[in-house]
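The values are calculated or read from the model by the stated rules, or taken from the named source; none is laboratory data. Keep in mind it's a predicted model, so treat the numbers as computed, not measured. Cβ atoms come from the backbone with ideal geometry, glycine included; neighbour counts cover every protein chain shown.
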Amino acid sequence: MQKNEKNSKKIQRRSFLKTAAVSTAALAIGANNLNAKNFIQEPSESKKFTMKFAPHFGMFKNIAGEDLVDQLNFVADQGFTALEDNGMKSRSISDQEKIASTMTKLNLTMGVFVAHKIYWNEPNLTSGKQDLRDEFLNDIKESVEVAKRVNAKWMTVVPGHVDLRLELDYQTANVVETLKQASSILEPHGLVMVLEPLNFYNHPGLFLKKIPQAFQICKAVNSPACKILDDLYHQQVQEGNLIPNIDMAYDEIGYFQIGDNPGRKEPTTGEINYKNVFEHIHNKGFKGILGMEHGNSKDGKEGEMAVIEAYRKCDI
């Protein structure tokens, strides 16, 4: 009788421990899932980034899915307060309106979109040809309507390829004149085109390459509608000297874009000390957008979470 009682108690104890272990594991799994859900979908207000970093569509599609509204919700849930979309102008009006409506609800600021056809291999604005100037100005007029529709203020302008048949000074004069005329279109609407210098390695042969060159052009245009887009990846490749050039050109810089070098991936993957650069920009009082115009260093969901973590490390 005593032996049977002992065996019975041992069986009961083993059963209890097994049940407790399963329950504990289940609770742990549930807690982990809950934490993951909270991290991905429901961060607190304290998780909002200090700097106005702007992801782009597709950057988090493995987690958020292909739907643009779902991607916007994810971006806002992660604490981002802006978004940029180079291809906004080519989207349907219904998609533009849906994006704008969702961003308004989520309190997201719209960043840049590309304002015109970019001539990568032949001169357009540098040439001074009237038909190419007219084409550009018509693109700017169309972009005014897009900007109104999506609540955008900034639009990207790339003056195009060099004209090998003209001295550089004549090309500069042609670009300045065209941008003056574009500014007169934009000014009444409070809109700003931001000129983007692009590096020689990725985009050989383009006219606008350096921040000092863009600064000179903006001073000549002399309009609040014409500023610089300082893409820190391009400028690291082209000329380096990032912080001094920010200081020298600061009153003409309207927008920043981000990408580490080499590779044009998220901060912390290359040679740029983005934490110091962001701190410098913040201390200068910059309140504008910093567009995340780069790829992800890793594939899939893991890579997308790595992008968010990199910006957490570099934020002010």
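For the reader, a short list of remarks on this structure follows.
- Restricting the first member to the range 149-160 and to residues that are under 17 Å from His189 (Cβ atoms), and the second to residues that are surrounded by fewer than 24 Cβ atoms within 10 Å (Cβ to Cβ) and among the aromatic types (Phe, Trp, Tyr), the beta-carbon pairs closer than 6 Å and six or more apart or on different chains are Met155/Phe113.
- Picking from residues in the range 205-261 that are hydrophobic (A, V, I, L, M, F, W, C) and in contact (Cβ under 8 Å) with a residue 60 or more places away in the chain, the one that is nearest to Leu125 (Cα to Cα) is Phe207.
- Answer residue from the range 192-201, given it is touching a residue at least 40 places away in the same chain (Cβ under 8 Å) and not charged (D, E, K, R) and is farthest from Lys141 (Cα to Cα) among those: Leu198
- Residue check for Leu186: aliphatic (A, V, I, L, M) and more than 30 Å from Asn107 (Cα to Cα): no
- Of the residues contained in the range 299-306, none is found to be among the acidic types (Asp, Glu), in contact with a Gly (Cβ under 9 Å, 6 or more places away or on another chain) and either part of a helix (DSSP H, G or I) or assigned by TED's automatic domain parsing to the domain that holds Ala115 (or both).
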